[in-house]
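J.: What follows is a single structure, and I will ask about it in a moment.
Values in this text are rule-based calculations from the coordinates and carry no lab data. Note that the structure is a prediction, hence the values are computed from the model and not measured. Cβ placement follows ideal geometry from the backbone for every residue including glycine, while neighbour counts extend to all protein chains displayed.
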Amino acid sequence: MIPKVKGKEIDMGNVAIYPGSFDPITYGHIDIIERALQIFDKVIVAIADNEEKRPLFTVEERLEIVKEVFEDNPNVIVDSFKGLLVDYVAKTNVKVSLRGLRATSDFEYEFHMASMNRSLDTHLDTLFMMTSKDYFFVSSRTIKEVARLGGAVEGLVPDLVVRRLKEKFKLPVTKKKQIGWDD
Ligand code: ADP
């Protein structure tokens with residue numbers, strides 16, 4: 001059986017879903033996706049459309065950003081979902097949900113979520129990947145906090161995210177970046 005995500009047929013043999021807010025996507029997330037692609041043929045980045053979390057970027061903006069980041073990689077499928085992950089996954093038949101772990105502080109929440117998802121759908125298992133040493137301190141939340149105050153987040157998020165953050169917070173961009181922006 002070849003299920004579809006947004007009309008695209010995908011071979012379900014070796015696909016993982018990576019759900020999250022990605023508000024915005026960071027190199028920590030990207031590192032997890034790239035490493036997962038060493039194990040899985042395809043990764044579906046599933047952006048949670050969850051207004052309760054009061055995201056900085058709308059789901060449309062987050063979709064646009066992640067699609068742009070992976071525009072050259074056909075093995076990364078970008079989609080959004082509303083509601084329960086298990087309901088979204090049921091439509092795709094994916095069996096593995098991917099999550100990243102940065103510190104023991106992530107563990108309790110992730111353990112509860114993974115257990116809850118498994119209780120809701122026994123076919124969905126959660127695979128955890130440890131963060132890389134370069135990104136253990138990177139979270140979307142701290143990126144937003146630092147960027148809002150005008151701190152440098154270059155090297156922790158892709159350049160297009162740096163530009164989007166500056167736009168959001170109405171911060172000046174350097175001349176060099178402004179030129180690239182208009183390209
Ligand atoms: P959520 O709001 O669902 O936690 P996030 O976008 O914050 O969504 O994170 C999605 C997943 O990516 C989570 O499993 C989170 O632990 C993981 N993650 C976030 N930042 C990093 C990082 N720097 N290194 C590894 N995993 C990360």
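J.: Between 0 and 90 degrees, rounded to the nearest ten: what's the tilt of helix 159-168 against the longest Cα principal axis of the chain?
T.: Approximately 70 degrees, to the nearest 10.
J.: According to a simple spin-label model (label point 7 Å from Cα along Cα-to-Cβ), what is the distance in nm between residue 154 and residue 93?
T.: 4.8 nm
J.: Related question: In square nanometres, what is one fourth of the surface area of the convex hull spanned by the alpha carbons of segment 76-176?
T.: Values: hull surface 33.3 nm².
About 8.3 nm², averaged over all directions.
J.: Taking the Cα centre of each part, how many Å lie between segment 80-110 and segment 126-144?
T.: When both Cα centres are located, 15 Å separates them.
J.: Quick check: pseudo-label points 7 Å beyond the Cα along Cα→Cβ at residue 73 and residue 163, how many nm apart are they?
T.: Rounded to a tenth, the inter-label distance reads 2.0 nm.
J.: Relative to the longest principal axis of the chain, what angle (0 to 90°, nearest 10) does the C-alpha long axis of helix 27-36 take?
T.: The helix 27-36 is inclined about 30 degrees to the chain.
J.: Which percentage, to the nearest 5, of the DSSP beta bridges contained in the chain is antiparallel? Spell out each step's value before the answer.
T.: Working: 2 of 23 bridges.
Around 10 percent of the beta bridges assigned by DSSP in the chain are antiparallel ones.
J.: Also: Quote the FRET efficiency, to the nearest 0.05, computed for residue 170 versus residue 122 with a Förster distance R0 of 35 Å and r equal to the Cβ-Cβ distance.
T.: Calculated value: 0.15.
J.: Another question about this same structure. For residue 84 and residue 108, FRET efficiency with R0 = 30 Å and r from the beta-carbon atoms, rounded to 0.05?
T.: 0.90
J.: Let me ask another. Could you work out the Kirkwood radius for the chain, taking every pair of different alpha carbons, averaging 1/r and inverting it, reported in Å? Each step should come with its number before you reach the end.
T.: Values: mean 1/r = 0.0580 Å⁻¹.
That comes to 17.2 Å for the chain.
J.: Additional query: In what order do 52, 71 fall by count of nearby beta-carbon atoms within 10 Å, going from fewest to most?
T.: 52, 71
J.: Follow-up. Please list, in chain and number order, the residues 5+ apart from residue 127 or on another chain whose amide H is under 5 Å from its amide H, with Hs placed from the backbone.
T.: Answer set, sorted by chain and number: 97, 98, 99.
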